[in-house]
Each structure stands twice: as structure tokens, then as C-alpha cells.
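For reference, the structure is listed below as C-alpha cells.
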Amino acid sequence: MDDLSIDKLRELRADGYFPACVIESSPENYQAVITIPSMSGGTGNDRSAANKLAKELNKKYGDPNLSGSVHGHRLPPFPNQKPKHRREDGTYPKTELTEANGGMCGKASAELNAIHADLKEMEDKARQTAGTVKYPAFSHSGSPNSAYWAHYRDIAAKFSGIHEKTDYSRIDAMIGIRMRATGHTQGEVIGAIEANAPTMRLENMRHEAFAAKYGNRNWKRYAAETTEKYVFGARGAIQYEKALNYVPLYMKLEGRDMSQTERTEESKQKQERKGR
């Protein structure tokens with residue numbers, strides 16, 4: 001946790017949390033490191049649970065803008081050279097290790113277990129939902145590329161602003177989840193991301209910045225990894241379950257009639273049965 005005042009640090013301890021170490025990163029401003037166990041090799045729900053716990057703790061005690069469980073800390077005794085800490089003589093205050101106990105935090109570990117269990121339950125439910133016919137595996141004639149842009153425009157309109165520092169990978173993943181929910185195959189999603197992700201970035205970035213950041217990117221591999229690991233993988237299961245609740249809206253965005261699509265799917269299934 002970052003940006004704790006001395007009062008928040010005392011409150012943290014009073015609430016039963018015991019930091020492995022505490023660093024005074026600037027005068028009367030502290031960073032508290034809480035150690036928690038790894039439950040699944042550092043992947044999947046383990047990271048999600050740890051990030052959720054970190055976000056909750058930072059919101060209550062530290063910097064509410066921090067949400068990651070892995071966060072850089074200032075290394076004592078090196079100075080904190082932020083301009084606002086510059087003294088009149090030109091020097092900067094040194095960071096100081098004020099406490100070093102080590103060990104796991106029991107309370108944080110118990111809360112992590114509870115969060116992890118909740119996420120696993122949600123993921124299991126998402127898998128079960130994906131295996132039922134909540135919505136049919138739509139048969140559609142709509143262009144995956146057109147669907148990509150329809151969802152991008154809708155997502156962009158909901159963001160406070162699209163710019164060079166935007167997490168474009170997150171937007172691609174959101175688009176992919178929506179496309180999966182409306183029945184696009186894994187191959188179609190991969191193709192849509194590969195074909196359109198570079199152009200989407202170029203709409204919001206200067207060409208020089210795009211070239212510097214993405215000049216050597218293998219877009220085919222990026223599209224496949226995003227789709228396989230997230231859109232159709234366990235990491236996106238919860239988001240996919242949520243997306244199913246908005247299928248009529250997403251279908252409308254793609255310019256497709258849901259009732260007609262369902263009739264098309266039913267007709268297709270009848271034809272398949274006749275051919276057996």
C-alpha cells in the first residue's frame with residue numbers, strides 16, 4: 001500500500017493487519033508491504049483475488065488509485081527525488097525502513113482466501129452458463145470486422161477519453177468478449193482483432209508514437225493470445241457471463257435482428273437433423 005499517513009498506518013494495525021515491512025517514502029508518508037500466499041502459481045484467480053484485495057486495502061488506508069497487488073516501492077536509503085520534496089538546499093529526503101517484521105499477514109491471507117473462493121464460484125457459474133443454451137450459438141451473416149468497429153465505437157463513447165495512453169489491449173478484449181457473446185467464433189474474433197486492432201490504435205495515436213510502440217508487434221500472435229487466453233479462456237469467463245445479459249443490445253449494435261437470428265439457428269439445426 002502506498003501513501004499512508006501515520007494515522008492510517010495506525011488504523012491499519014488496529015484493524016488487525018500486520019505489514020511485513022514499512023517504508024517512510026517521504027516525510028510522514030509511508031508504504032506498507034503486506035505479504036500474502038500464492039494459491040495457484042500466480043495465475044488466473046490468484047492474481048485477480050490479490051488485485052481485488054490490494055484495491056480494497058488501498059481504498060481504505062492508502063492510495064485509492066492503486067489496484068495492483070504487485071507494486072514498486074522506494075528502496076531505502078535512496079532519496080525521494082520528486083520535485084515537491086526538494087529542499088531549499090537542493091537535497092531530497094531519504095527513504096527509511098521504519099519497520100521490518102517479515103512473515104505473512106494472517107488477516108489479509110484469510111480475506112484473500114475468501115475473495116479467491118468467490119471468484120472461483122463466479123467462474124464455475126460462468127462455465128456452466130456457457131455450456132447451457134442461454135442464448136444459441138448464433139448463425140449470422142454479419143461481418144466480424146464490422147462487429148469489431150460497432151463495439152469499439154460504443155465502448156469508446158463510454159470512456160472518458162481515448163488517447164495514446166489508453167489500454168488498447170483491454171479494449172480489444174472487451175470487444176472480443178462482446179463478439180463471443182453474439183456468436184462469433186474464436187477464429188472470427190482472432191481475425192477481427194488482427195485486422196482492425198492496428199487501425200484502431202492509429203485512430204488515437206500519432207504515427208510516430210504508434211511506430212515506436214507497435215512497430216515490431218506480431219499482430220497475428222497478439223490477436224491469437226488475446227482471444228485464446230482471455231476472450232475464450234478462463235480469465236474472461238466472468239466478463240463473458242456478464243456480457244450474455246446484454247446480447248440483445250450487442251446484436252442491435254451489430255445491426256442484426258436477434259429473433260431472426262434465432263429462427264435461422266433453429267432452421268439450421270432442423271436441416272442438420274434431417275441430414276443424419
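All of the numbers you see were taken from the coordinates with simple rules; none came from a lab. Note that the structure is a prediction, hence the values are computed from the model and not measured. Here the Cβ positions follow ideal geometry from the backbone for every residue, glycine too, while neighbour counts run over all protein chains shown.
Run the paramagnetic zone check for Leu97: 7 angstrom along Cα to Cβ, then residues of segment 1-26 with backbone nitrogen under 20 Å. Only 1-4, 18-26 pass the distance filter. Cross-link pairs exceeding 26 Å between alpha carbons, from the set Lys220/Lys252; Lys158/Lys252; Lys55/Lys220; Lys8/Lys94: Lys220/Lys252; Lys55/Lys220.
Per-residue Cβ neighbour counts within 10 Å put Arg170, Arg180 in the sequence Arg170, Arg180, beginning with the fewest. Legend: ranking of residues Lys84, Lys8 from fewest to most surrounding C-beta atoms inside 10 Å; resulting order Lys84, Lys8.
In this calculation the C-beta distance from Asn145 to Leu75 is compared with R0 = 51 Å, giving a FRET efficiency of 0.60. By the count of other C-beta atoms within 10 Å, a proxy for reagent exposure, Glu208, Glu225 are ordered fewest to most as Glu208, Glu225.
The distance between label points at Lys213 and Glu88 comes to 4.3 nm (points 7 Å beyond Cα on the Cα→Cβ vector).
I want the local charge near Asn196. Using Cβ-Cβ distances under 11 Å, sum +1 for each Lys or Arg and -1 for each Asp or Glu among the other residues.
Details: positive: Arg201; negative: Asp172, Glu194, Glu203.
My count for the surroundings of Asn196 gives -2.
Under the combined filter of DSSP loop state and at most 13 neighbouring Cβ atoms within 10 Å, segment 201-256 retains these trypsin sites (Lys or Arg not before Pro): Arg206, Arg217.
Taking R0 as 30 Å, what FRET efficiency do you get between Ala234 and Glu11 from their Cβ-Cβ distance, rounded to the nearest 0.05?
It comes out at approximately 0.25.
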